[in-house]
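Single-structure report; data block below.
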C-alpha cells in the first residue's frame, strides 16, 4: 500500500513537498521525490516519517498550497 500512496504523492507534487501532520507529535515537510517508500529504503534515500495507515493517532498529509490532502482516522 505504501508504494501506491508514495507514487500518488510523487505524481501530485512532482518535485514539490507535502506536509505530514501528527496532532500530538512532530510534523514534517516531505519531498516525495526524494524519499523512498517505508521499509523499502533505497540507498541514499529515507523512508516516510509517518505511515499512511494511522496507528492510533490522527495523521494528515497536506499539499502546501492546500490543493489536496488526506486525513487518517485511527
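The values are calculated or read from the model by the stated rules, or taken from the named source; none is laboratory data. Everything numeric here is computed off the predicted structure, so don't read it as measured data. Here the Cβ is made from the backbone with ideal geometry for all residues, glycine too, and neighbour counts use every protein chain on show.
Considered as a group, the residues in the stretch 43-66 that are over 18 Å from residue 6 (Cβ atoms) and loosely packed, with under 14 Cβ neighbours inside 10 Å include one that is modelled with the lowest pLDDT, and that residue is 56. The residue of the stretch 22-37 that is modelled with the highest pLDDT, among those that are part of a loop (DSSP other than H, G, I, E, B) and closer than 17 Å to residue 58 by Cβ, is 27.
In the set 19, 40, only one residue is modelled with pLDDT under 70 and either exposed (fewer than 14 other Cβ atoms within 10 Å of the Cβ) or in a strand (DSSP E or B) (or both); that residue is 40. Which count do you get for residues in the stretch 1-16 that are in a loop (DSSP other than H, G, I, E, B) and surrounded by 13 or more Cβ atoms within 10 Å (Cβ to Cβ)? Within the stretch 1-16, residues that are in a loop (DSSP other than H, G, I, E, B) and surrounded by 13 or more Cβ atoms within 10 Å (Cβ to Cβ) number 1.
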